[in-house]
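For reference, the structure discussed in these notes is given below.
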Amino acid sequence: MFTPESSSVVEAILNECLDLPPNFLHEYNLDRSWDFMVSLSYSPATETESNGLSEHQDGNCFTFVFQDDVGGLEVLKDGGWIPVIPIEGSIIVNIGDAIQSNQSSTYKSVVFWFNFKIAVHKG
C-alpha cells in the first residue's frame, strides 16, 4: 500500500522520467482528497477460459502493473499487439488519458489489454 512517503518517492521518479520540473506532480495537485488507488487482481486463466481485460486506455494519470511470471500484458503499436515479456518483480508504468490531455499530446495514453489465454498460469 502506498504511504505519503512512498507517494512522494513515486512522484519524484515520475517527474524525472517524464522530464518534468522537480515537484511538478505534487504542485499540480495540492488537494490530495481526490487521490485514489485501485488494486485489481485476476484469477489464473485455464486452458479453456480467459479472464483478461479487453483492449482499453485508462482514464487516470498512471497505471502500475506489477509483474509476475504469468504475463499476458500486450500493448498496441502501429496496429499490432506486442506482448510485454514478464519479468517477475518488475513494475510496468502505463501513461493514462489524464497525462496525455494535460501534456499537449507529448505523451500518449497506452492502449493495452491482458491476454490470459496466451499466458496460462503455471501454478
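FYI, it's all coordinate maths here, none of it is from the lab. Please read these numbers as outputs of a predicted model, since none were measured by experiment. Note: ideal-geometry Cβ built from the backbone for every residue, glycine included; neighbour counts use all protein chains shown.
Efficiency by 1/(1 + (r/R0)^6): what FRET value for GLU47 and LYS77, r their Cβ-Cβ distance, R0 = 25 Å, to the nearest 0.05?
0.30
For the pair PHE24 and PHE66, the difference between a 0.36 nm per residue extended length and the Cα-Cα distance amounts to 12.6 nm.
Gain on full extension, evaluated as 0.36 nm per residue between ARG32 and LYS108 minus their Cα-Cα distance, stands at 24.9 nm.
Within the shell of other residues whose beta carbon sits under 9 angstrom from the beta carbon of GLU88, the net charge comes to -2, with Lys and Arg scored +1 and Asp and Glu -1.
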